[in-house]
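Peer 1: Okay, handing you the structure first.
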Amino acid sequence: MKQTVQTIQAKKQRGEKITMLTCYDYTTAKLMDAAGLDMLLVGDSLGNVILGYEDTVSVTMEDMLHHAKAVARGAKENAMVVVDMPFLSYQTSVYDAVVNAGRLMKEGRAGAVKLEGGAVVCDQIRAIVQASIPVVAHLGMTPQSVNTMGGFKVQGKTADAAKKLLADAKAVEEAGAFVLVLECVPAKLAAWISGKLTIPTIGIGAGAGCDGQVLVYQDMLGMFSDYQPKFVRHFADVGSVMRDAFAQYQEAVHDGSFPAKEHEFAISDEIMAQLEQEEK
Ligand code: KIV
């Protein structure tokens, strides 16, 4: 059954954890959908793990649309597809926010959009929700603000910062967000905030007290080695499996063992003889 705003929110009421992973392509979306994931996030982290940027600042609407379309085509059965609004696609004005959220829905076939920030983006959240587009909010470490935050750091560690985080969480809930992602927030604080909200929280580096969890899939599969966040568990070492397979392919092509007979297409000897004859 396809997840909806209502089925996702009902999980919090039942105390059932919500599962989300990032996803950027059709093949992976099919695998994740079949595995029963609740939500697939076409994150602007694709800037890092797919496009090789140092941060998410350069990611464009066209990048997001390109990957959203592929993921939406692969997640037909179960998962809701959430698509990140990239840097400066919503901060600039309420109008830009609604137009760009609309493009992610109409062209990208998203089920919901995600944007970063608290009280400062509540007008945008309100307007997008009024346009009948479900919104996921994102607080704590918000990668699009890396240049003002002074790096990728845990957020909410002082009493003032923690109070601001709670105020922002309540503000985005009041503005109409149906889910809140909390990134790199101390576990006790994230659990405390989760208990104060009616909407589900989805944590990444925010401990087990959140209502759900999200990870970047290349991180949890051990495929991405540029940096290793402390909060990641490697559920498989797919990176080594891929490296080994690529090396075996390289060797097999060099030593002539690939392609073998069973990988070839046949043509009749008569036709080959005729070609040979005609070439003479
Ligand atoms: O872009 C992304 O992958 C995200 C997750 C880290 C939550 O926003």
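The values are calculated or read from the model by the stated rules, or taken from the named source; none is laboratory data. Computed from a prediction, not measured in an experiment: that's the story for all the values here. Cβ sites come from the backbone with ideal geometry, for glycine too, and all protein chains shown count toward neighbours. Each accessible area value is taken on the protein alone, full model and side chains, heavy atoms only, with ligands, DNA and RNA left out. Shrake-Rupley method; radii C 1.70, N 1.55, O 1.52, S 1.80 Å.
Peer 1: Of the residues Val185, Val146, Val181, Val136, only one is within 13 Å of the ligand (Cβ to nearest atom), crowded, with 17+ Cβ neighbours inside 10 Å, touching a residue at least 12 places away in the same chain (Cβ under 8 Å) and part of a loop (DSSP other than H, G, I, E, B); which?
Peer 2: None of the others qualify; the one that does is Val185.
Peer 1: Conditions: (1) out of contact with any strand residue (DSSP E or B) (no Cβ under 8 Å at 6 or more places or on another chain); (2) more than 15 Å from the ligand (Cβ to nearest atom); (3) of a type outside the set (Lys, Arg). Asp226 meets all but one. Number of the miss?
Peer 2: Asp226 satisfies every listed condition except (2).
Peer 1: Of the numbered conditions (1) open to solvent by 30 Å² or more (accessible area, probe 1.4 Å); (2) within 35 Å of the chain's Cα centre (by Cα), Phe224 satisfies every one except a single condition; which is it?
Peer 2: Of everything listed in (1) open to solvent by 30 Å² or more (accessible area, probe 1.4 Å); (2) within 35 Å of the chain's Cα centre (by Cα), Phe224 misses just condition (1).
Peer 1: Select, from Ala247, Ala190, Ala266, the only residue that is of a type in the set (A, V, I, L, M, F, W, C) and surrounded by 19 or more Cβ atoms within 10 Å (Cβ to Cβ).
Peer 2: Exactly one residue qualifies, and that residue is Ala190.
Peer 1: If you don't mind, another one. Filter the stretch 40-57 for residues that are open to solvent by 60 Å² or more (accessible area, probe 1.4 Å) and either in contact with a Gly (Cβ under 6 Å, 6 or more places away or on another chain) or not in a loop (DSSP other than H, G, I, E, B) (or both) and give the result.
Peer 2: Passing the criteria: only Tyr53.
Peer 1: From the list Ala131, Ala206, Ala175, which one is open to solvent by less than 10 Å² (accessible area, probe 1.4 Å) and more than 11 Å from the ligand (Cβ to nearest atom)? Spell out the reasoning first.
Peer 2: Numbers: Ala131 fails: open to solvent by less than 10 Å² (accessible area, probe 1.4 Å); Ala206 fails: more than 11 Å from the ligand (Cβ to nearest atom).
Only one candidate passes the filter, namely Ala175.
Peer 1: Hey, another quick one. Please specify each residue of the stretch 60-92 satisfying the condition of being more than 20 Å from Thr27 (Cα to Cα), open to solvent by 20 Å² or more (accessible area, probe 1.4 Å) and within 16 Å of the ligand (Cβ to nearest atom).
Peer 2: Thr60, Met61, Phe87, Leu88, Gln91
Peer 1: Test Thr19 against the criterion of being in contact with an Asp or Glu (Cβ under 6 Å, 6 or more places away or on another chain), within 15 Å of the ligand (Cβ to nearest atom), open to solvent by 10 Å² or more (accessible area, probe 1.4 Å) and outside any helix (DSSP H, G or I), and give yes or no. Spell out how you get there, then give the answer.
Peer 2: Working: in contact with an Asp or Glu (Cβ under 6 Å, 6 or more places away or on another chain): yes; within 15 Å of the ligand (Cβ to nearest atom): yes; open to solvent by 10 Å² or more (accessible area, probe 1.4 Å): yes; outside any helix (DSSP H, G or I): yes.
When the stated conditions are applied, Thr19 passes them.
Peer 1: Select from the stretch 193-203 the residues that are aliphatic (A, V, I, L, M) and more than 15 Å from the ligand (Cβ to nearest atom) and write down the one among them that is surrounded by the fewest Cβ atoms within 10 Å (Cβ to Cβ).
Peer 2: Filtering the stretch 193-203 for residues aliphatic (A, V, I, L, M) gives 193, 197, 199, 202.
Imposing the further condition that a residue be more than 15 Å from the ligand (Cβ to nearest atom) reduces the set to 193, 197, 199.
Working: Ile193: 26, Leu197: 18, Ile199: 20.
My answer is Leu197.
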